[in-house]
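Please treat every number below as a calculation from the coordinates, not as lab data. This one's a predicted model, so the numbers in the text were calculated from it and none came from an experiment. Note: ideal-geometry Cβ built from the backbone for every residue, glycine included; neighbour counts use all protein chains shown.
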Amino acid sequence: MKRQLKANLPLLISGCIIGILIVVSLYLLRPPAPEPGIDLVNIPFYQLPFGPDENGAERPFWPSRLQTDNGRLVDPSKIQSAATCATCHQKEFDEWAPSLHAIAGRDTVYERAVEANENLHRDGIERARFCEGCHAPGEVLAGRTNRFKSVMPSDAETEGISCVMCHTATHADPLEGNGALTLAVNTGVDQLSNPMILAAPRDHARAFGAAKTNALIASADFCGGCHTENYDQSMSKATTRQHVQSTFVEWRDSWYAQNDITCQDCHMAPDPASYVRQIRDGDIRKPERYAHNFVGANYLMFDTSLGSNLTWLRGGILPGLTKEQNTRLIEKQGTATSALLRAAAGLALKGSHVTDNRLVFDIAVQNLGAGHNLPTGVIDQKYMWLEIVVSDADGSVIYHSGSFDTERGQTDPDAVIWREDFRDSAGNRIPDHLTFITAEITHLRKGVPPKGEDIVTYDVALSGDNTGPYQITARLWYRVATQEFIFNTLKTDLIVPPFELVSATFSLPADKKARP
Amino acid sequence: MFKKPVLLTAALASCLAISGNAFATDDAEIRGLENVKQFTLDHNERLISQAGLLENAVSAYADIIASHDGNYAAAWQAKGPVLAGQIQNIRTLWLEASNQYETIEGIVAGIPETAKYDLILDAGNPGTENEDIAQYDLTLPDGTVLSRPGNLFHGITEPLFWGMEESHIKLVADLNDDGKQAPGEMLFDANLGLGAAQALTHWAKKLHSDMSVWKPNRDDAFTSVVTMTPTVGDYFGEWKESQFITGEVGAFVAQSRLADVQGIMGGCKKMYFNAISPVVSADNPDLDSRIKSGFEELLSLVEDTYAREKSGEKFGIEEADALGNEAQDIADRIVAMILQAAAQNKVNIRG
């Protein structure tokens, strides 16, 4: 036996060496793995009306600053749909599904506003990459924001800011904004089937939970990639950079940033309103977990009293949801949205004096709970105003400012309003969010900064019949769209109701002192 | 093994077979291209017809204003309900005319000989802009000439008829008599309205005149189908939305468009089968087959849904949403495949 082994050993070793050499050779000679993603030249009829960058490189997603990590477009069939992720991550899906992120690219108000902008230019659809980069990144990255859509559609592109659009991020530029995010949607994903994910969960976690990505998406920088919006010549008529949305900078310069309270802490807390009140009470511990609801301020998109009109406004029902599930999740998120809005603001009487024929008083509008300005975002549509009613000892109303006409959907034009205005090249106000012809942004009144206040002085004329004590009723209202915008873009009679953020009543004695 | 005459005969026979096939393809394509042109002209004629109805409606409105010496308040006082009805009618006719144009918009914009009409009718800027200017002046009934005022559909008539442009609102009025004056409830400038409506008819006819001498080629055929087919998705999308919208909210959008979808889709299918399929199938029969299946599937979905609607069936939100999304998805897939075929055949898509 031993002798036989000894005799055959050289042959055996030779065989092993040859086998290893063959395996190594095959490995070395194997054809290189194809680069993930789609090359621009393989997307027929893709329009590039804005030309290359300063280095001569093509800019397929411009004027959005969105990019993929390897510079290639995405194969839409390879983008995982959120409905697929729900197979295992049902809880996260149920949190995300009613959110504004989920309907960012499909809600009817947004869609119509984009169409109105697209109609302003012959290359309007390509210019709308600016909008879609943040609202429908899957569509832009797949090359479907194009006059001629030669790329096949997929469920994932209708899902707005879906799971993979965050969980593949590798870089963000929150000061540049306009979608300045780099996503590893081509290289940072797995293509494992569900059984394979179960068999090798670590591969799946490595793909979607890379340390760099996890750190980035937990930061405010990541949110700033889209929640910073500047208009320039690449998408508007602005000749100098116009700051349209400064939410990130508002936060960065605030007490919240100094205390490491991030966007995610409030907007992804399981109960955002409770968390905001916790912060207001001085307890700045992080939430016990982060939910995927992204609760924000758009109460209209959760107003179930609108019935099927709400389904229309939200652009239908998301893939993976039934009507009943949809309604249940929206109702839940609507409750959280209202509670968060009510946790944001306060009103205080800062001073007053009564003379023979004048009542002068100062109302402070306070930002108590928002880590950014109040209101924030693109506030040409979202706006806030103060309603003041003063009555005398007889209960007669002697002054009323800031009323809301519920029949016409109009706010008192003389009210104190926090809003920005888009203006065209001739300086005229553009009421319906036409970004592509906007040349300048002006403010009626800038938003109230975090933990700050804006004091408004009222000077009310008194007649000889008016006697104190006087009562001041103050209401701070918020509305997500102007009536002109709704009518012009949707061509409907829908009246967008305002939301009362906070109200307060102050009594002023007949003498010169005021008492809140 | 083979004798020379046999080889020659075989070679000759194969040559004849190839050229015969090519002739057959060309012949089918030529017939198909004629269909493309006829389809476009048909829709252009419908546009002229709709624009004429719109012009008549605006003319009737202007007559009432004129009979009160241009005093809008007096006209409203005397003929309020009539004027309100006329404005509602004008808006409906405007939507119909606009939809007719949108059906052929891609072709009009894509053909160099007719591209200027797209700017005048639908997409051009006023002369104050630097690019894509609608090159025409608008003469109004009172003799005023507006120099390069912008496109007629979205630039002038839409904001005018819906009261979106404050400077053209002559009187705020309670059109629907509900005791309130919501946005859009107003009397518009009749002089501008009539001039613009007349111009719509005029330029729609001019378009038809130039379109009549157009000789479509293969590029035009592909362009036609890839620009028209997505409008089917849009129409079906409108139908889907019309199933959601209730109450006053959908006053101007809730219109069933399934009849339009069926007509346009039938036209697109015919154009593809006649003019494009011979080209695509020559090199890629599998792709051709998938495109044809797509058309069959979409038309079948439309016909079935339309038949159900006509029989009085009401659709639930979930089903309407699913049907609308399915139609959009099929239309998108068809277009993507035709564009891929166009690229394979080095076709130039214009527009």
Original post:
Hey, can you rank B:102-108, A:33-39, B:217-223 by average C-beta count inside 10 Å, highest first?
Top reply: B:102-108, B:217-223, A:33-39
**OP:** Along each of the three principal axes of the Cα atoms of the stretch A:44-340, give the extent in whole Å, ordering the values from largest to smallest.
**Re:** 52, 49, 43
**OP:** Could you work out, for the stretch B:29-215, what percent of all Cα-Cα pairs fall into each 5 Å distance bin, beginning at 0 Å and stopping at the bin that holds the largest distance?
**Re:** 1, 8, 16, 19, 18, 13, 10, 7, 4, 2, 1, 0, 0
Original post:
In the stretch A:406-516, if every C-alpha pair distance is counted and binned at 10 Å from zero, what percent goes to each bin?
Top reply: 10, 32, 30, 18, 9, 1
**OP:** On a C-alpha basis, how far is the centre of the stretch A:253-312 from the centre of the stretch A:173-199 in Å? Whole number, if you could?
**Re:** 25 Å
Subject >> Zone residues, the stretch A:155-180, relative to A:H89, backbone N less than 12 Å from point 7 Å out along Cα-to-Cβ >> reply: A:162-169
Subject >> √(5λ) per eigenvalue of the Cα gyration tensor, the stretch A:193-284, largest first, Å >> reply: 32, 24, 11
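Please state the shape class of the stretch B:128-173: rounded when a/c is under 1.5, otherwise prolate if a/b exceeds b/c and oblate if not, all from the C-alpha gyration tensor.
Verdict is oblate for the stretch B:128-173.
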**OP:** For peptide A:145-152, compute the average count of partner chain beta-carbon atoms within 10 Å of each residue's beta-carbon.
**Re:** 6
Subject >> Compactness of the stretch B:217-351 - radius of gyration and Dmax, Cα, Å >> reply: 16.1, 53
**OP:** Take B:S281, B:S67, A:S25 and order them by how many other Cβ atoms sit within 10 Å, fewest up front.
**Re:** A:S25, B:S67, B:S281
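Summarise the partner chain shielding of A:314-323 as one whole number: the mean count of Cβ atoms from other chains within 10 Å of each residue's Cβ.
For this peptide, the per-residue mean of nearby foreign Cβ atoms is 3.
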Original post:
Per-residue ellipticity at 222 nm for chain A, helices alone: DSSP H runs ≥ 4 residues times -39500 (n - 2.57), over residue total, nearest 500 deg cm²/dmol?
Top reply: -8000 deg cm²/dmol
**OP:** Taking chain B as the reference, fit the longest principal axis to its C-alpha atoms, fit the long axis of helix B:285-310 to the helix C-alpha atoms, and give the angle between the two in degrees, 0 to 90, nearest 10.
**Re:** 40 degrees
Original post:
Can you give the angle from 0 to 90° between the axis of helix B:218-244 and the longest principal axis of chain B, with both taken from C-alpha atoms, to the nearest 10?
Top reply: 50 degrees
**OP:** Starting from the alpha-carbon convex hull of the stretch B:102-196, give the projected area averaged over all orientations, in nm².
**Re:** 7.4 nm²
**OP:** State the percent of C-alpha pairs, over all pairs in the stretch A:273-376, separated by a distance greater than 18 angstrom.
**Re:** 63 percent
Original post:
If you project the alpha carbons of the stretch A:327-432 onto their three principal axes, what span does each projection cover, largest first, in Å?
Top reply: 53, 43, 32
Original post:
Hey, if you put +1 on the Cβ of every Lys and Arg and -1 on every Asp and Glu Cβ in the protein assembly as shown, which of A:A291, A:S236, A:L368 ends up farthest toward the positive end of that dipole?
Top reply: A:A291
Subject >> Estimated distance in nm for a label pair at B:L287 and B:D132, the labels positioned 7 Å out from Cα along Cα-to-Cβ >> reply: 2.9 nm
Original post:
Could you state the principal axis extents of the C-alpha atoms in the stretch A:429-488, from the largest down, to the nearest angstrom?
Top reply: 54, 32, 19
Original post:
For the stretch A:283-330, how big is the tail of P(r) above 17 Å, as a whole percent of Cα pairs?
Top reply: 45 percent
Original post:
So, in nm, how far is label B:A78 from label A:E35 when the simple model puts each one 7 Å beyond its Cα toward the Cβ?
Top reply: 7.5 nm
Subject >> Inter-chain Cβ neighbour average for residues B:236-243, partner chain, 10 Å >> reply: 2
**OP:** May I ask for the percentage of alpha-carbon pairs in chain B that lie more than 34 Å from each other?
**Re:** 38 percent
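Treat every Asp and Glu Cβ in the stretch B:217-351 as -1 and every Lys and Arg Cβ as +1, leave all other atoms uncharged, and give the resulting dipole magnitude about the Cα centre to the nearest 20 debye.
Values: 13 positive and 22 negative charges, 112 e Å.
Charge dipole of the stretch B:217-351: 540 debye, to the nearest 20.
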**OP:** Calculate the spin-label point distance for A:E324 paired with A:T442, positioning each point 7 Å from the Cα along the beta-carbon direction, and give it in nanometres.
**Re:** 5.5 nm
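Determine the alpha carbon to alpha carbon distance for each of A:K446/B:K170; A:K91/A:K286; A:K91/A:K149; A:K323/B:K180; B:K37/B:K116; B:K37/B:K205 and list only those over 27 Å.
A:K446/B:K170; A:K91/A:K149; A:K323/B:K180
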Subject >> Shape metrics for the protein assembly as shown, restricted to C-alpha atoms - Rg then Dmax, Å >> reply: 31.8, 129
Subject >> Calculated log₁₀ intensity ratio I(q)/I(0) where the Debye formula runs over C-alpha points of chain A, q = 0.12 Å⁻¹ >> reply: -1.15
**OP:** At 0.36 nm per residue, minus the direct Cα-Cα distance, what do B:Q88 and B:E297 gain on full extension? Give it in nm, one decimal, please.
**Re:** 71.6 nm
**OP:** Counting helices only, and only those DSSP H runs with n ≥ 4, report the 222 nm mean residue ellipticity of chain B as the sum of -39,500 (n - 2.57) divided by its residues, in deg cm²/dmol to the nearest 500.
**Re:** -23500 deg cm²/dmol
Original post:
If you take the beta carbon distance between A:A211 and A:V397 as r and set R0 to 45 Å, what does 1/(1 + (r/R0)^6) give as a FRET efficiency, to the nearest 0.05?
Top reply: 0.15
Subject >> Alpha-carbon Rg with Dmax, taken over the stretch B:147-213, Å >> reply: 15.0, 54
**OP:** Rounded to the nearest 10 degrees, what's the angle between the helix A:2-29 long axis and the longest principal axis of chain A, both from Cα atoms, 0 to 90?
**Re:** 40 degrees
Original post:
What number in nm² do you get for the stretch A:241-314 if you take the convex hull of its Cα atoms and divide its surface by four?
Top reply: 7.1 nm²
Original post:
What is the Cα radius of gyration of the stretch A:41-88 over 2.2 N^0.38 Å, N being its residue count?
Top reply: 1.50
